[in-house]
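Down below is the structure, laid out as structure tokens.
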Amino acid sequence: MFADLHLHTNFSDGTYSPEELAAQARAHGLAALALTDHDTVEGCERAARASESAGLEFIPGTELTAEQDGNELHILGYFLDTQNQRLLTEIARFQLVRQNRIREMVARLQAVHVPLQPEMVFALANCRSPGRPHVARALVKAGFCATLDEAFERFLKKNRPAWVPKFKMSAADAMELVHQSGGVAVLAHPGLNRSDEVIPGMVEAGLDGIECFHTKHSTAVSQHYLEIADRFKLLVTGGSDCHGLSKGKPLIGTIKLPYQHVERLKARASERKTALAISAGAKFLPVNGQ
Ligand SMILES: [Zn+2]
Ligand SMILES: [Zn+2]
């Protein structure tokens, strides 16, 4: 039995709907899947229903953008309570930041005489977590660029005319947000960050796991992070980071995480939920025996 624990839908910058994602997971013979859209959990309810009908185990998740020591990091949260009020409030705030960033990118494009309109990006994104890939797609659709690569190279990459720095919360805050929602916090694709020195500090701040298996990790890189997981006693996860058809070939099915890792993740989440319930209950315990 295998799982893919890193998947995106059209609730962020993926192209599949939650139903299409579940169908793809089934077609690739997966037993379990996790939805990890950027800064949102909105697709989880539909994905859970579609997975259930397809006979698959569904794990609610998200991928939060954060930073540690000036490095951008992505924190995956698994088994979160997707109705948690503070999680939803924070998510709404991140989404507003994302939308304002799109407006700023479009303004900078206009300043270099590319008359793209923010509405064109928002219409195309059709979600509350729009990002740079949506601006790239809008540039191609409007005929300002021939390809998505060209859009990034000419305008959207760091230090290009339409690049706008992204607000990021600290990695510790992202992990705390995941934990207080009953979830498990995992460092996404560490091989893409090239900043292993942040790991010990994150472990101290409560990191639960590390994504050892990822489409962009070579066998040697995966092995390296398996050793780090072992050294720091971290849970091991893996996923394809499939964005549907937006980045060429769909990646779902290219990473097959053995199911035993899902069981360990689940056990950690259930310990956390028990601890949260106890500490919430403790507030109402009688003081001085009254
Ligand atoms: Zn990521
Ligand atoms: Zn991702």
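Could you please find all residues in segment 154-174 being of a type in the set (D, E, K, R) and within 22 Å of VAL140 (Cα to Cα)?
Those that are of a type in the set (D, E, K, R) and within 22 Å of VAL140 (Cα to Cα): ARG154, LYS157, LYS158, ARG160.
Show the residue pairs that are 6+ apart or on different chains and have beta-carbon atoms under 9 Å apart, the first residue being within segment 148-167 and within 19 Å of THR65 (Cα to Cα) and touching a residue at least 40 places away in the same chain (Cβ under 8 Å), the second being among the basic types (Lys, Arg) and part of a loop (DSSP other than H, G, I, E, B).
Here the result reads TRP163/LYS157, each pair linking segment 148-167 to a residue that is among the basic types (Lys, Arg) and part of a loop (DSSP other than H, G, I, E, B).
Filter segment 224-250 down to residues that are surrounded by 12 or more Cβ atoms within 10 Å (Cβ to Cβ) and assigned to a helix (DSSP H, G or I), then give me how many there are.
Total meeting the criteria: 6.
On the given criteria, is LYS249 basic (Lys, Arg) and either within 13 Å of ligand 2 (Cβ to nearest atom) or more than 30 Å from LYS273 (Cα to Cα) (or both)?
Answer is yes for this residue.
Considering segment 130-154 alone, what residues qualify as being in contact with a helix residue (DSSP H, G or I) (Cβ under 9 Å, 6 or more places away or on another chain), over 13 Å from ILE102 (Cβ atoms) and assigned to a helix (DSSP H, G or I)?
VAL140, LYS141, LEU148, ASP149, GLU150, ALA151, PHE152, ARG154, listed by residue number.
For segment 3-30: of the residues being among the hydrophobic types (A, V, I, L, M, F, W, C) and surrounded by fewer than 18 Cβ atoms within 10 Å (Cβ to Cβ), which is farthest from the chain's Cα centre (by Cα)?
So the residue we want is ALA27.
I'm told GLY253 meets every condition in (1) at pLDDT below 95; (2) on the phi < 0 side of the Ramachandran plot except one. Can you identify the failing condition by its number?
Evaluating GLY253 over (1) at pLDDT below 95; (2) on the phi < 0 side of the Ramachandran plot leaves (2) as the failure.
On the given criteria, is VAL186 buried (at least 16 other Cβ atoms within 10 Å of the Cβ) and assigned to a loop (DSSP other than H, G, I, E, B)?
So VAL186 does not fit the description; no.
Out of everything in segment 50-89 that is modelled with pLDDT of 95 or more and of a type in the set (Asp, Glu), what residue ends up being surrounded by the most Cβ atoms within 10 Å (Cβ to Cβ)?
Only one residue fits best here, namely GLU63.
The values are calculated or read from the model by the stated rules, or taken from the named source; none is laboratory data. None of these values were measured; they are calculated from a predicted model. FYI the Cβ positions are ideal-geometry reconstructions off the backbone, even for glycines, and counts take in every protein chain you see.
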